[in-house]
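Q: Before we start, here is the structure in question, set down as C-alpha cells.
The values are calculated or read from the model by the stated rules, or taken from the named source; none is laboratory data. The structure displayed is predicted, hence computed values, not measured ones. Here the Cβ is made from the backbone with ideal geometry for all residues, glycine too, and neighbour counts use every protein chain on show. These area figures cover heavy atoms from the full protein model, side chains too; ligands, DNA and RNA do not enter into them. Shrake-Rupley method; radii C 1.70, N 1.55, O 1.52, S 1.80 Å.
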Amino acid sequence: GDPGGARAGGGTACDPPSGGSPALRGLGAQGGAGDREGRVWGKTRGMFVLGLPYAILHGGYLGLFLIIFAAVVCCYTGKILIACLYEENEDGEIVRVRDSYVDIANACCAPRFPTLGGRIVNVAQIIELVMTCILYVVVSGNLMYNSFPNLPVSQKSWSIIATAVLLPCAFLKNLKAVSKFSLLCTLAHFVINILVIAYCLSRARDWAWDKVKFYIDVKKFPISIGIIVFSYTSQIFLPSLEGNMQNPKEFHCMMNWTHIAACILKGLFALVAYLTWADETKEVITDNLPSTIRAVVNIFLVAKALLSYPLPFFAAVEVLERSLFQDGNRAFFPNCYGGDGRLKSWGLTLRCALVVFTLLMAIYVPHFALLMGLTGSLTGAGLCFLLPSLFHLKLLWRKLLWHHVFFDVAIFVIGGICSVSGFIHSLEGLIEAFRTNAED
C-alpha cells in the first residue's frame, strides 16, 4: 500500500498509457525527470499564483500555513494516486494495470457500476479545465482594463477582444504549435514574478508586518482555501506523466522537489506581496503595481494567459469528444469525426460554442478570486484530496498500514469540510458581488 513500496517493485519504465486524453498524454511525452519536473512545476505554480496574496489578505498567517499544508497533502495524494495504478501479479511482482485517473475510478466502482467512477472523474476534469479557460479570459480582461484605465474600453470588452484572439483554438488538431511557446511563456512568467518581488523588496522599509493577522475572516477565508488548493491542482496529469517517464522510480523524487519548490516560492511571493500592499491587496496582485510598470507587466501576463488557454481547452475538448462522441456503443452522440479523420462541421461548431461559453462566463462572472476559489473548492479539492484518498482506501485496503489509513481518512474529512465550506462561501461571495455590482 505504500506508494514508495509500489514503485520499488517496478524496475522498468512503463509503456505510454493508452487511456486519457491525447492532450494530457502529450504533456507526458518521453523525457527525463528534469523535463517532468518542469511540466509539473508549471502546473503547480502557473499564473494563478497571482491570486495568492489575496488569500493572505483574508487568512493571515493561517493562509501561509495552508500554502505549506496544501503542498504536503497534494504531494502525498499524488503519490497514492499513482500507487493505485499498480497491483501485485501472481508472481508477486508489482505491475501497472491501469493507465489513467478514469481507470482508477472505474476500478473502484466495479463490478456494479463499472463506468460510474470514470464518468464522475470526467465531469470533474471537464469542469476544472473549462473553469481554467474561463479564468484565463477573466484575467486577460482584468489585466488589460487595469493597464489602460483611461481608454473607453470596459473589462467585458477586453474579454471579448481576448476571446476573438482565442477563437482559432477551435481549429486545433494537436498542441505541437502551442507547445513551442510553453517554455518561453514559463520563463516570461518567472521573470515577471521576479520583477514583482524586486519591486516589493524595494519597499521593504514600508512593509506592514502588523497587518498580517493571526485571526481570519470567517466568511472570506474559505474562499482563500479554494484559491490555494486550485493553485496546486495537477493530479489529473500525473498518471500520464508517470507512465511516460524514462525512469518511473524517479517519480517520488520529482514530486517532492517540485512541491517543495512551489511551496517555498508561493509562500514567499504571497507574503512579500501582501506586506507591500496590505489591506489594499487586489485579487490580481499586478493591479497593485504603479501605472508606469503595470501596463508592461500586465501585457506580458495577458500574452502568457492567451498562450496558456489552448492546453486546458484542447484537453477539455478531448475529454468531451471521447466521452460523448467516441465511446463506442456507449457514446451519447454520433462520432464527430468523418471516415477520413477530419472533424465534421457540427463538431467544429461545438468547439466554437465552447470558446464562446468561456467568454460568456467571463463576462457575467468577472471575479477572478471568487471563481478561482469556487473551482478549487469544487473540483480542486475533489480531484486532489477526496478522490485519491478514497480510491487508495478502496483499492489497497488490505495492504495499508494503520498510519496510511489514518492519513487517508484525515485528508478525506478535512478535504470534505474545506470543499463544502469554500463552495458555499464562494457562491455567497458571487451573489453578494452581483448585488453590489462590485468591479474586479
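Q: Give me a comma-separated list of calculated 3J(HN,Hα) values for the stretch 219-235, in order, Karplus coefficients 6.51, -1.76, 1.60 applied at θ = phi - 60°, integers in Hz, x for any Gly or Pro.
A: 7, 9, 5, x, 5, 4, 4, x, 4, 5, 4, 4, 5, 9, 4, 8, 4
Q: Further, regarding this structure: Tabulate in residue order the Karplus-calculated ³J(HN,Hα) for the stretch 275-290, using 6.51 cos²θ - 1.76 cosθ + 1.60 with θ = phi - 60°, rounded to whole Hz; enter x for Gly and Pro.
A: So the Karplus estimates, Gly and Pro as x, are 4, 6, 10, 6, 5, 8, 4, 9, 4, 10, 4, 5, 5, 7, 5, x Hz.
Q: Using heavy-atom solvent-accessible surface (probe 1.4 Å) with all chains present, what is the largest-first order of Asp210, Asp103, Asp408, Asp279?
A: From most exposed to least exposed: Asp210, Asp279, Asp103, Asp408.
Q: Using 7 Å Cα-to-Cβ label points, what is the Ala164/Ile68 separation (nm, one decimal)?
A: Label-label distance for Ala164 and Ile68, simple model: 4.9 nm.
Q: Pop the C-beta distance of Phe357 and Val97 into the FRET formula with R0 = 51 Å and round what comes out to the nearest 0.05.
A: Rounded to the nearest 0.05, the efficiency is 0.85.
Q: With N residues in the stretch 48-439, what two-decimal value do you get for its Cα radius of gyration over 2.2 N^0.38 Å?
A: Rounded to two decimals, the normalised Rg is 1.02.
Q: Could I ask something else about it? Could you size up the charge dipole of the stretch 48-439 around its Cα centre, putting +1 on the beta carbon of Lys and Arg and -1 on that of Asp and Glu, and report it in debye to the nearest 20?
A: Charge dipole of the stretch 48-439: 480 debye, to the nearest 20.
Q: Once you order the gyration tensor axes a ≥ b ≥ c over the Cα atoms, which shape class does the stretch 97-184 get: rounded for a/c under 1.5, otherwise prolate or oblate by comparing a/b with b/c?
A: Verdict is prolate for the stretch 97-184.
Q: With a Förster radius of 30 Å, plug the Cβ-Cβ distance of Trp346 and Phe148 into 1/(1 + (r/R0)^6) and report the FRET value to the nearest 0.05.
A: FRET efficiency, Trp346 to Phe148: 0.20.
Q: Taking the highest mean first, how do the peptides 415-426, 281-292 order by number of other beta carbon atoms within 10 angstrom per residue?
A: 415-426, 281-292
Q: Starting from the Cα-Cα distance between Glu432 and Trp402, subtract it from 0.36 nm times their residue separation and give me the gain in nm to one decimal.
A: 6.3 nm
Q: Which order do peptides 129-138, 253-262 fall in by mean Cβ count within 10 Å, highest first?
A: Peptide ranking by packing, descending: 129-138, 253-262.
Q: Still on this structure, please answer the following. Calculate the FRET efficiency for Gln246 and Phe190 from the Cβ-Cβ distance with a Förster distance of 30 Å, rounded to the nearest 0.05.
A: The pair Gln246/Phe190 has a calculated efficiency of 0.75.
Q: Could you order the peptides 296-308, 266-278 from most to least packed, using the average number of other C-beta atoms within 10 Å per residue?
A: The densest-packed peptide leads the list: 266-278, 296-308.
Q: In the stretch 224-334, carbon and sulfur make up what percent of the accessible area (probe 1.4 Å)?
A: C and S atoms contribute 66 percent here.
Q: Tell me the label-point distance for the pair Asp217, Ser157, using the 7 Å Cα-to-Cβ offset, in nm and rounded to one decimal.
A: Label-label distance for Asp217 and Ser157, simple model: 3.0 nm.
Q: Hey, another quick one. What distance in nm separates the simple spin-label points at Val413 and Tyr61, each placed 7 Å from Cα in the Cβ direction?
A: A separation of 2.6 nm, rounded to one decimal place.
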